[in-house]
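Novice: Before we start, here is the structure in question, set down as structure tokens.
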Amino acid sequence: MKVDLFDFHLPEELIAQVPLKDRTSSRLMVVDKETGSLEHRTFKDIIEYINPGDCLVLNDTRVLPARLHGEKEDTGAHIEVLLLKQQEGEQWETLVKPAKRVKKGAIISFGAGKLKAVCKEELEHGGRILEFLYDGIFYEILDELGEMPLPPYIKETLDDQDRYQTVYAKERGSAAAPTAGLHFTEELLEELKAKGVHIAFITLHVGLGTFRPVNVEDIDKHEMHAEFYQLTTGTAKLLNKVREEGGRILSVGTTSTRTLETIASANDGKFVESNGWTSIFIYPGYEFKGIDGMITNFHLPKSTLIMLVSALSSRENILHAYETAVKERYRFFSFGDAMFIR
């Protein structure tokens, strides 16, 4: 299957640059996964489509303020560092710009020396293993000195950094937000619970690879990035119970979907306590074993995310929905509008 089959025209002005003041006031496109029929609603109306006994699965990862600006100690040159993944101890895999200035042994200073980093290893494509030196608590220093690593297609500065976090964000570790969850408020979640909807949490730490384009012509030659996930015993029991009692499992976002499908695929459709790294690649032809429906945002052309969404319905249905979204001036990507495939 060719990557170009998932291309569509997206006017640049439809890429949402800032979040709406009210999280639930974004638009919602409801898609029947079998017929492709569409309804146009507001996100707070999602409660009308979720039944008592259904289970909504949310990714509780928390985005790190992972972009740091520092100076190279010997030259004073400006260096930008993006934290990707913690290694052993105080060592992190990072992305550095300009990488050519940061060789093995180089020292970078942040916040007038409050935080320092020594380059331990040079990787490909600007990657570096940095060891951080500091006094105090690393995450408190990061909260003070770091910036939220907004996606490259967002050019505006974010006034309130918490708007790039879900209201239920808990487990630190993401390089990007699970953006489908940005539409929920605590009040909406309470309304869903009051209706008899189960709320469950999984964790998948979103990596930088979520923004990387597919650079091969044939989809089956693309290699997915690996991301860390975790599902607890309690959540596994709840999901199995919901399935046994005839409820639907509805994932919020592609990250929740990839986690649930990774676990269900390895356990004959059942859920078990699990943690590890997943590089599952879902595209049309894939048979879903873990979810019945999904809430998601509108994704990049030719991305692995639009391929995953297409697998839950069909390529034709989803491309028709996207063409309609462009025509109806929906807002796209991280701070954009939502789609519910049911």
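The values are calculated or read from the model by the stated rules, or taken from the named source; none is laboratory data. Quantities reported herein were computed from a predicted structural model and do not represent experimental measurements. Cβ atoms come from the backbone with ideal geometry, glycine included; neighbour counts cover every protein chain shown. For accessibility, only protein heavy atoms count, side chains too; no ligands or nucleic acids. Shrake-Rupley method; radii C 1.70, N 1.55, O 1.52, S 1.80 Å.
Novice: Using just the helices of the chain, give the 222 nm mean residue ellipticity in deg cm²/dmol: DSSP H runs with n ≥ 4 each add -39,500 (n - 2.57), and the total is spread over all residues, rounded to 500.
Specialist: On the way: 6 runs with 66 residues, N = 342.
My calculation for the chain gives -6000 deg cm²/dmol from helical runs alone.
Novice: Provide the FRET efficiency to the nearest 0.05 for the residue 51-residue 14 pair, computing r from the beta carbons and using R0 = 30 Å.
Specialist: Details: r = 32 Å, r/R0 = 1.07.
That gives a FRET efficiency of 0.40.
Novice: Ok, one more. Extension gain residue 37-residue 1, at 0.36 nm per residue separation less the Cα-Cα distance, in nm?
Specialist: Working: separation 36, 0.36 × 36 = 12.96 nm, distance 2.48 nm.
Gain on stretching residue 37 to residue 1: 10.5 nm.
Novice: Under the rule a/c < 1.5 gives rounded, and otherwise a/b versus b/c splits prolate from oblate, where does the chain land using the Cα gyration tensor?
Specialist: On the way: a/c = 1.73, a/b = 1.59, b/c = 1.09.
In terms of gyration-tensor shape, prolate.
Novice: Hey, with R₀ at 25 Å, roughly what FRET efficiency would residue 78 and residue 323 work out to, going by the Cβ-Cβ distance, to 0.05?
Specialist: Details: r = 43 Å, r/R0 = 1.72.
Rounded to the nearest 0.05, the efficiency is 0.05.
Novice: Could you list, in their original order, any pairs among 44/237; 116/155; 33/193; 100/120; 193/289; 97/170 whose Cα atoms are separated by more than 18 Å?
Specialist: Values: 44/237 29 Å; 116/155 28 Å; 33/193 25 Å; 100/120 14 Å; 193/289 25 Å; 97/170 29 Å.
Pairs exceeding 18 Å: 44/237; 116/155; 33/193; 193/289; 97/170.
Novice: Among 281, 132, 184, whose mean-square fluctuation peaks in a Gaussian network model of the chain (Cα, cutoff 10 Å)?
Specialist: Ranking 281, 132, 184 by mean-square fluctuation puts 132 first.
Novice: Report the relative contact order of the chain, percent, no decimals, based on alpha-carbon pairs under 8 angstrom and at least 6 residues apart.
Specialist: Numbers: 737 pairs, mean separation 86.9, N = 342.
25 percent.
Novice: Sticking with this structure for a sec: Treating the angle as unsigned and between 0 and 90°, give the value, to the nearest 10°, between the Cα long axis of helix 253-266 and the longest Cα principal axis of the chain.
Specialist: Compared with the principal axis, the helix lies near 80 degrees.
Novice: Could you provide, to the nearest whole Å², the per residue accessible area of the chain with probe 1.4 Å?
Specialist: Details: 15650 Å² over 342 residues.
Accessible area per residue: 46 Å².
Novice: Just how far, in whole angstrom, is the stretch 282-311 from the stretch 51-75 if you go by their alpha carbon centroids?
Specialist: A separation of 22 Å, based on Cα centres.
Novice: Applying the Karplus parametrisation 6.51 cos²θ - 1.76 cosθ + 1.60 with θ = phi - 60° to the phi angles of the stretch 81-87, what ³J(HN,Hα) value in whole Hz is obtained for each residue in order, glycine and proline being reported as x?
Specialist: Working through the residues one at a time gives 10, 10, 6, 10, 7, 6, 9 Hz.
Novice: Sort the stretch 67-147 into rounded, prolate or oblate with this rule: let a ≥ b ≥ c be the square roots of the eigenvalues of the Cα gyration tensor; rounded if a/c is under 1.5, and if a/c is not under 1.5, prolate when a/b is larger than b/c, oblate otherwise. All intermediate terms of the calculation are to be shown ahead of the outcome.
Specialist: Details: a/c = 1.56, a/b = 1.20, b/c = 1.31.
Oblate, since a/c reaches 1.5 and b/c is not below a/b.
Novice: Run the simple label-point estimate for residue 277 and residue 104 please: 7 Å along Cα→C-beta, distance reported in nm.
Specialist: Reported label-point gap for residue 277 and residue 104 is 2.1 nm.
Novice: While we're looking at this one, here's another question. Just the number, please: percent antiparallel of the DSSP beta bridges in the chain, rounded to the nearest 5. Can you show the working numbers first?
Specialist: Working: 47 of 66 bridges.
The antiparallel proportion sits near 70 percent.
Novice: Sort 63-76, 3-16 for me by packing, meaning the mean count of neighbouring Cβ atoms within 10 Å per residue, highest on top.
Specialist: Details: 63-76: 16.8, 3-16: 14.4.
Peptide ranking by packing, descending: 63-76, 3-16.
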